[in-house]
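The values are calculated or read from the model by the stated rules, or taken from the named source; none is laboratory data. Computed from a predicted model, the values in this text were never measured in an experiment. Neighbour counts run over all protein chains shown; Cβ positions are idealised from the backbone, glycine included. Only protein heavy atoms, including side chains, enter the accessible area calculation; ligands, DNA and RNA are left aside. Shrake-Rupley method; radii C 1.70, N 1.55, O 1.52, S 1.80 Å.
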Amino acid sequence: MSDEAIERAKEHFAKILEEQLERVERMKKGEELTDYSSLEPIIIGIVGGDGIGPFIAKEAQRILAFLLEEEKASGKIEFRVIEGLTIEKRAEVNKAIPDDVLEEIKKCHVILKGPTTTPRRGDPWPNIESANVAMRKELDLFANVRPVRIPKEEIDWMFFRENTEGAYVLGSCGIEVTEDLAVDFKVITSQGSERIIRAAFEYAEKNGINRVTIVTKANVVKTTDGKFLKIGQKIAEEYPEIECDDWYIDIMTAKLIDPKRRKQFRVMVLPNLYGDILTDEAAEMQGGVGTAGSANIGKGYSMFEAIHGSAPRMVKEGRAQFADPCSMIRAAAMLLRHIGYEERAKRLEMALDICGQFEKKLVITGRPGGATGAEIANYVMETIQQPDLEERWQKFHAEA
Ligand code: IPM
Ligand code: MG
């Protein structure tokens with residue numbers, strides 16, 4: 001019995017290794033970087049997702065349509081709503097992303113995506129792979145870029161979460177060798193590490209930031225995290241003007257809540273799972289995970305989304321309209337910047353700061369009594385239109 005189980009596991013492992021080596025070859029070849037300035041139209045796909053996803057995605061789309069009104073009218077920008085990335089449909093076809101949905105997504109240049117429900121064992125759904133994870137892999141969106149800013153506390157963090165490997169890439173490909181033995185796999189490649197770490201250093205250099213922090217657990221997870229750290233330290237040598245330090249994920253989670261130390265961190269680069277965990281912690285300090293957006297950047301495609309899940313409980317309890325759309329609106333700002341509308345992205349972010357962190361005329365609680373997502377989106381749009389937006393934002397900062 002155990003010989004047979006081991007043989008079966010070996011075969012499984014061999015197949016995984018073949019696939020991963022093929023992926024390495026694809027990474028080595030590289031892909032062309034999309035030049036948005038030469039595209040006409042730039043096609044923005046809107047994928048609502050499920051749970052609160054369609055509710056908050058709709059508000060972010062409304063703001064994008066408002067900010068890109070002229071470009072939409074002139075044909076420079078096209079919006080395309082893509083239906084069908086729901087848990088019901090995914091369960092029906094037993095796939096993380098239904099083929100027809102993926103095909104539509106691939107016809108767009110950038111995607112704004114609402115959260116999607118991730119099944120787990122015991123759910124009424126088949127235990128299929130997360131749609132997020134599948135999309136990141138399918139479109140090779142290797143950099144998950146997550147900003148967290150709390151101006152009042154001088155916190156300005158940018159997380160570069162590796163997005164296509166680590167504990168996630170084979171998260172649905174583990175093996176139950178016997179009834180008692182379960183094995184999962186974690187993968188780190190040179191190419192995968194290099195591209196995310198370089199993206200972090202390039203970001204720091206471009207923005208005049210003099211510190212990049214590499215976060216791993218290389219003292220324990222020696223082979224994969226050890227590789228990530230080693231590559232990080234080597235790349236750091238190419239950027240002598242940027243200080244590079246390394247921390248372990250456990251003490252890093254502690255230091256993020258140390259008011260004296262935390263503001264010293266600026267750019268953090270980390271393998272997938274650590275990035276997942278640390279960014280939820282960071283977002284919570286900013287006002288909740290509902291306030292944080294993220295960019296999933298690849299060379300060809302890019303996808304912008306909230307950092308949180310689909311909150312099916314809010315829908316079940318009839319509270320979906322009270323969900324905070326700010327995560328998706330922040331993601332929309334990152335999308336705008338990515339396709340070349342820096343000025344509008346900045347104004348949108350300033351409006352979000354004013355509405356959510358300074359002025360707070362409306363407060364979202366996630367429940368009746370609090371503002372609705374639509375009211376928040378209207379408030380943000382009114383704020384963007386104020387001619388003295390930038391002065392007000394600077395004043396709030398100075399007083400903070
Ligand atoms: C995130 C989310 C996803 C992840 C889930 C929904 C699969 O938590 O984007 O951080 O773990 O990456
Ligand atoms: Mg997460």
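Which of (1) away from ligand 1 (no atom under 16 Å from the Cβ); (2) in contact (Cβ under 8 Å) with a residue 24 or more places away in the chain; (3) part of a helix (DSSP H, G or I) is the odd one out, the single condition Glu238 does not satisfy?
That leaves (3) as the condition not met.
Residues that are touching a Leu at 6+ places or on another chain (Cβ under 7 Å), at least 2 per element: which helices (runs of 4 or more DSSP H) completely within the stretch 24-113 meet that?
By residue number, 53-67.
Only one of these is open to solvent by less than 10 Å² (accessible area, probe 1.4 Å), of a type outside the set (Ser, Thr, Tyr) and farther than 16 Å from Ser172 by Cβ: Ala131, Ala73, Ala60, Ala65. Name it.
After ruling out the rest, the residue left standing is Ala60.
Condition test on Lys255, is it open to solvent by 20 Å² or more (accessible area, probe 1.4 Å) and farther than 27 Å from Ala306 by Cα?
no
Considering Asp225, Asp258, Asp250, which residue is assigned to a loop (DSSP other than H, G, I, E, B), free of Cβ contacts under 8 Å to residues at least 60 places away in the same chain and among the acidic types (Asp, Glu)?
Asp258
Restricting attention to the stretch 190-208, which residues are of a type outside the set (D, E, K, R), at negative phi and open to solvent by 10 Å² or more (accessible area, probe 1.4 Å)?
Ser190, Gln191, Ala199, Tyr203, Asn207
For residues that are within 22 Å of Asp225 (Cα to Cα) and in contact with a helix residue (DSSP H, G or I) (Cβ under 6 Å, 6 or more places away or on another chain), scanning just the stretch 256-279, find the one that is nearest to ligand 2 (Cβ to nearest atom).
Among those residues, the one meeting the criterion is Tyr274.
What is the one condition in (1) within 16 Å of ligand 1 (Cβ to nearest atom); (2) part of a loop (DSSP other than H, G, I, E, B); (3) open to solvent by 20 Å² or more (accessible area, probe 1.4 Å) that Lys137 does not satisfy?
Lys137 satisfies every listed condition except (2).
For the stretch 261-349, which fully contained helices (runs of 4 or more DSSP H) count at least 3 residues that are out of contact with any Pro (no Cβ under 9 Å at 6 or more places or on another chain) and crowded, with 24+ Cβ neighbours inside 10 Å?
272-286, 326-338
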